[in-house]
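Q: Quick one: the structure is below, and I'll ask about it shortly.
Please treat every number below as a calculation from the coordinates, not as lab data. Just so it is clear, the structure is predicted and the values come from calculations on it, not from any experiment. Reconstructed Cβ throughout: ideal geometry from the backbone, glycine too, with neighbour counts over all protein chains shown.
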């Protein structure tokens, strides 16, 4: 398994939600609603080893998800 985890952020910019790899200048995808953005981002990241930080409209991180779920470091003891 690949130990390298990519980091992505889901943020609202203007009227759309943007899925962007951390440090990228352009989004990987854009969505009209947050619900669609979360659903489609999960499908996009499913084949990657990645962390997704989902932001609220005000920019604060609301939730973090790991893909695939088995790569989630919080499952380890310690």
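Q: Determine the percent antiparallel among the DSSP beta bridges restricted to the stretch 1-64, to the nearest 5.
A: Antiparallel: roughly 70 percent of the beta bridges in the stretch 1-64.
Q: Report the residues of the stretch 37-62 in range of a label on residue 6: point 7 Å along Cα→C-beta, backbone N strictly under 12 Å from it.
A: 44-52
Q: Okay, next question. Would you mind classifying the stretch 13-57 by shape? Square roots of the alpha carbon gyration tensor eigenvalues, ordered a ≥ b ≥ c; an a/c under 1.5 is rounded, otherwise it is prolate if a/b is larger than b/c and oblate if not.
A: oblate
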